[in-house]
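The values are calculated or read from the model by the stated rules, or taken from the named source; none is laboratory data. Keep in mind that what you see is a predicted model, and the values were worked out from it rather than measured. Heads up, the Cβs are rebuilt from the backbone with ideal geometry, glycines too, and the neighbour counts pull from every protein chain shown. Side chains are part of the model used for accessible areas, which takes the heavy atoms of the whole protein and leaves out ligands, DNA and RNA. Shrake-Rupley method; radii C 1.70, N 1.55, O 1.52, S 1.80 Å.
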Amino acid sequence: MEVNTVFQRLLNGEIIPPSDPQAHRLLEASFDTKKLLVQMNNASDPKEIRDLLSQITGSQIDESVAVFTPLYINYGKHTRIGKNVFINFDCVFLDLGGITIEDGVLIAPKVSLLSEGHPISPDQRHSLIPKPIHIKKNAWIGANATILQGVTIGENSVVAAGSVVSNDVPDNVVVGGTPAKIIKEIQTI
């Protein structure tokens, strides 16, 4: 991989303006990913789905991972998925800023992981601001939850269905609401 590509700069947290000389590569890469997504989202064999997801992410997806398609990803190469992960139907991963999903994570239907955003200022609005999302071991993301850029979900924590998470979530808690707030602690043995 080239050292200073637009993709590496995104992973490094650099804001990419639309005038960036490599900005066109973002669209090109997303269309390349879409070709593989069409195949994956029309497959029914779990191994074929994992193999196509491995191509999309550029990393080996473990045989313990289960993905119920459709799954939508805009790039893919900045997504890392651990072992024993379950991803349910109709999820959206915008991963140019980086998405890490550790072992044992459960992701319910219609979850959005959005590692990218835009400036509030209208004259800079088309710039891309990347910040990684990190979902730690054994977390459970409830149906229709949205995890925004720069958020870490703590180990064993639960995000209630329909929540919007804009701040880090500590280990062993349940969060819910918009914006998500701690509802209760989870007792571990």
Could you figure out which of (1) part of a helix (DSSP H, G or I); (2) among the hydroxyl-bearing types (Ser, Thr, Tyr); (3) more than 16 Å from VAL92 (Cα to Cα) isn't true of THR33?
(3)
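Under the condition of being among the polar types (S, T, N, Q) and open to solvent by 60 Å² or more (accessible area, probe 1.4 Å), which residue from region 56-86 is farthest from ILE135 (Cα to Cα)? Please lay out each step first, then the result.
Going residue by residue through region 56-86, those that are among the polar types (S, T, N, Q) are 57, 59-60, 64, 69, 74, 79, 84.
With the extra rule that they be open to solvent by 60 Å² or more (accessible area, probe 1.4 Å), the set shrinks to 60, 84.
Details: GLN60: 18, ASN84: 13 Å.
Only one residue tops the list, namely GLN60.
Could you run through region 7-55 and say how many residues are closer than 22 Å to GLY150 by Cα and open to solvent by less than 100 Å² (accessible area, probe 1.4 Å)? Reasoning before the result, please.
Keep residues of region 7-55 that are closer than 22 Å to GLY150 by Cα, which gives 7-18, 23, 26, 30.
After this cut, where a residue has to be open to solvent by less than 100 Å² (accessible area, probe 1.4 Å) as well, the list is 7-11, 13-18, 23, 26, 30.
The qualifying residues number 14.
Can you tell which of ALA161, ALA108, ALA143 is open to solvent by less than 30 Å² (accessible area, probe 1.4 Å), modelled with pLDDT of 95 or more and either out of contact with any helix residue (DSSP H, G or I) (no Cβ under 7 Å at 6 or more places or on another chain) or of a type in the set (D, E, K, R) (or both)?
Values: ALA161 fails: open to solvent by less than 30 Å² (accessible area, probe 1.4 Å); ALA143 fails: open to solvent by less than 30 Å² (accessible area, probe 1.4 Å).
Answer to the selection: ALA108.
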For region 20-35, check the following and say yes or no: at least one residue is more than 22 Å from GLY117 (Cβ to Cβ), at pLDDT 95 or above and of a type in the set (Ser, Thr, Tyr).
no
Inspect region 91-105 for any residue being under 16 Å from ILE135 (Cβ atoms) and over 13 Å from the mean Cα position of the chain (by Cα) and give the result as yes or no.
yes
Restricting attention to region 164-181, and to residues there that are open to solvent by 40 Å² or more (accessible area, probe 1.4 Å) and not in a loop (DSSP other than H, G, I, E, B), which single residue is farthest from GLN8 (Cα to Cα)?
LYS181
